[in-house]
Amino acid sequence: MSPTKLDRRDFLGRLVGGAAAAGLSRIARPLMAATEPMAALADGAPGGCPNVLFIVSDDLNDWVGTFGGHPNAHTHNIDRLCRGGVTFQRAYTPSPLCNPARAAIMTGKMPSTTGVYDNRQPFRLSPVVKDAATLPQYLMQQGYYAAAGGKIYHMKYPDPPSWNDYESLSMGAQPDEDDMTAVGKLKWGPIDKPEGATADAIVADYTIRQLERKHDQPFFLGCGFKKPHLPWFAPAKYFEMFPPDKITLPPIKDDDLDDVPPIARKWAKTELHQAVMDAGRRPEAVAAYLATVSYMDAQVGRVLDALDASGYADNTIIVFWGDHGWHLGEKRHWAKCTLWEEAARAPLTIVAPGVTSPNTVCPRTVSLIDLYPTLMELCGLEAKPGLDGVSLVPLLKDPQRPWDRPAVTDFKYGNTSVRSERWRYTRYADGTEEVYDHDADPMEWTNLADDPACAEVKTDLARWLPKRYAPEAPHRYLPGDRRP
Ligand SMILES: [Ca+2]
Ligand SMILES: [Ca+2]
């Protein structure tokens, strides 16, 4: 069978149909009321404050069964997690790159607020957040125990003040170079080492050990997986699940970049795309990404099993998210770092016992910047002033309720995209624009920025652009870093 093409709308159609039917019975016991004073927490209040299991995947796009981005995705563990709560069908990253995304999510402040736009900017060097309490740090101040393994922040800036205990990401077993296929910076292949010796299995081990412990305080437990970040390697059994000749390839429009502004065209890695196509290796590369996602999914499953066995499940909020999306050829691009849907969309599911109903889907536009205020409310803390996001608790309780907030994504100084349920509006630093109508054009093939019929949409969504962009936070180059 030759690879088949499928429209993104077909992918998403599966999602809406699949998740609707579930029973609506609530699970577990109610969380502490939002107004209850936190002083009760350290004293071990009856019922206890909820724990938080915060699971992150690196460079994971929507190629996850429940998120419907790819019909061949095989992720039964993440799907199982999603069945427990609310899956956000339109969640977006604050920034389509590791460090700015994670700095924003963990401090609750957008790149345009902090000036942290790139990977070489430790957020503690930003004058805006140098003394900020990060999400786990703030919970620690309120009596929580905060621990994490793996990649929660950008790898080079793990931020010790955020944790009572932290285990940095082990390199884990590495593949033999001879087993790897390479096209430019893309590298993939099976690894001939025990799965237990690989990095994400080690991260899961740490998380499991934490779940097996007796905790006297409520805990915030970060579990930061490194895959499917490049290079795409995993034990051979995961590659065997995805024979390249049976893989569906997302559609690509060859002249897609003809109608996008020069800044966007410059960001697209078209030479890499051409190299992949010339080598005839796109099916293999897509299969390798899917294999790596399934490997990461298996580690999620081990953590979920440990939570189920721990006795903490009834009082533990689970948040599952990916830091941003990834293009695999769409818009002739192979990477993150664009303001298009493939890079801006991020997986997000929240399971909050007593608050969320199982197997529900929320179609509203939300941002990962909303996680900080959302968890504050779920953990019974008062709203923290000065955060850029808003609590999603109203949507967790009623995922279909009206919501007038679009999702905003910044990338590099002066560039921002605003996504409503129907539209994407992007303005680049030089004033050039893109507008896409997702009802008619889910692959964002036709830029409508010059269409007079879209003037009103542009005006409406432009209200959500940053009023000003914070100056670039200081850069710090470590040995091995590439300078611009
Ligand atoms: Ca990333
Ligand atoms: Ca186009």
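Laboratory data are not the source of any read-out in this text; all were calculated from the coordinates shown. Model, not experiment: these values are computed from the prediction. Glycine gets a Cβ as well: all are built from the backbone with ideal geometry, and neighbour counts include every protein chain shown.
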Q. Taking neighbour Cβ counts within 10 Å as the exposure measure, how do 360, 426 sort from fewest upward?
A. 360, 426
**Q.** Spatial separation of Cα centroids for the stretch 105-172 and the stretch 281-339, in angstrom
**A.** 21 Å
Q: Please compute P(r) over all alpha-carbon pairs of the stretch 359-484, binned at 5 Å starting from zero, and give each bin as a whole-number percent.
A: 2, 9, 15, 17, 16, 14, 12, 8, 4, 1, 0
Q) Cα centroids of the stretch 187-240 and the stretch 57-85: how far apart, whole angstrom? A) 16 Å
(Q) Taking R0 as 45 Å, what FRET efficiency do you get between residue 178 and residue 266 from their Cβ-Cβ distance, rounded to the nearest 0.05? (A) 0.80
(Q) Please list, in order, the residues from the stretch 60-85 whose amide nitrogen is less than 20 Å from a point placed 7 Å along the Cα→Cβ vector of residue 421. (A) 67-69
Q) What translational diffusion coefficient, in µm²/s and rounded to a whole number, does the Stokes-Einstein relation yield for the chain at 20 °C and a viscosity of 1.002 mPa s, taking the hydrodynamic radius as the Kirkwood radius over Cα pairs? A) 95 µm²/s
Q.
With θ taken as phi - 60° and the coefficients 6.51, -1.76 and 1.60, list the Karplus ³J(HN,Hα) couplings across the stretch 253-259 in order, rounded to whole Hz; mark glycine and proline as x.
A. 9, 4, 9, 4, 8, 5, 10
